[in-house]
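Below: the structure, in structure tokens.
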Amino acid sequence: FFGLGCEQWPVEATERAREGESSQQFGEIAKVKVNRTGTIYLNGKVVTIESLKQGFARLKQGNGAVWYYRENPQGEPPPQAMAVIQAIIDAQLPVRLMERDFE
């Protein structure tokens, strides 16, 4: 599901170099993480799915994008991870699936 239509992004130095690139292309980058237990983080802070959706609405108005990371991507996703993906789709935001945690 996550692999369909998504590029495989390089990691390490190339990923860091692209951070600056992406910041120039988009108004704001929202860094979203879902951990193994389903806790949702937005830019390092724990959020609810409802507050995430509100943030995505503001992000859309400002030409923003989402960088998404999920712990244990090969494992079964928690329901919250699927809710986050649906929220990204509903907000029609560009998304980059990250291979490494933001922290």
Where the second residue is polar (S, T, N, Q) and loosely packed, with under 13 Cβ neighbours inside 10 Å and the first is over 17 Å from G27 (Cα atoms) and lies in region 38-60, which pairs have Cβ atoms under 8 Å and are six or more apart or on separate chains? I40/T48
Subset of region 66-101 [among the charged types (D, E, K, R) and assigned to a helix (DSSP H, G or I)]: D90
With the checklist (1) within 16 Å of F102 (Cβ to Cβ); (2) at pLDDT below 95; (3) open to solvent by 50 Å² or more (accessible area, probe 1.4 Å) in hand, flag the one item V46 doesn't pass. (2)
Matching residues, region 25-40, being open to solvent by 50 Å² or more (accessible area, probe 1.4 Å) and assigned to a strand (DSSP E or B): K31
In region 1-43, residue modelled with the lowest pLDDT [restricted to those that are within 16 Å of A81 (Cα to Cα) and small (G, A, S)]: G3
Just to verify a result, which residue in region 61-90, among those that are under 19 Å from F26 (Cα atoms) and open to solvent by 80 Å² or more (accessible area, probe 1.4 Å), is farthest from the chain's Cα centre (by Cα)? Q61
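The values are calculated or read from the model by the stated rules, or taken from the named source; none is laboratory data. It should be emphasised that the depicted structure is a prediction, and the values quoted were computed from it without experimental measurement. Cβ sites come from the backbone with ideal geometry, for glycine too, and all protein chains shown count toward neighbours. For the accessible areas, the whole protein counts, side chains as well, though only heavy atoms, and no ligand, DNA or RNA atoms are used. Shrake-Rupley method; radii C 1.70, N 1.55, O 1.52, S 1.80 Å.
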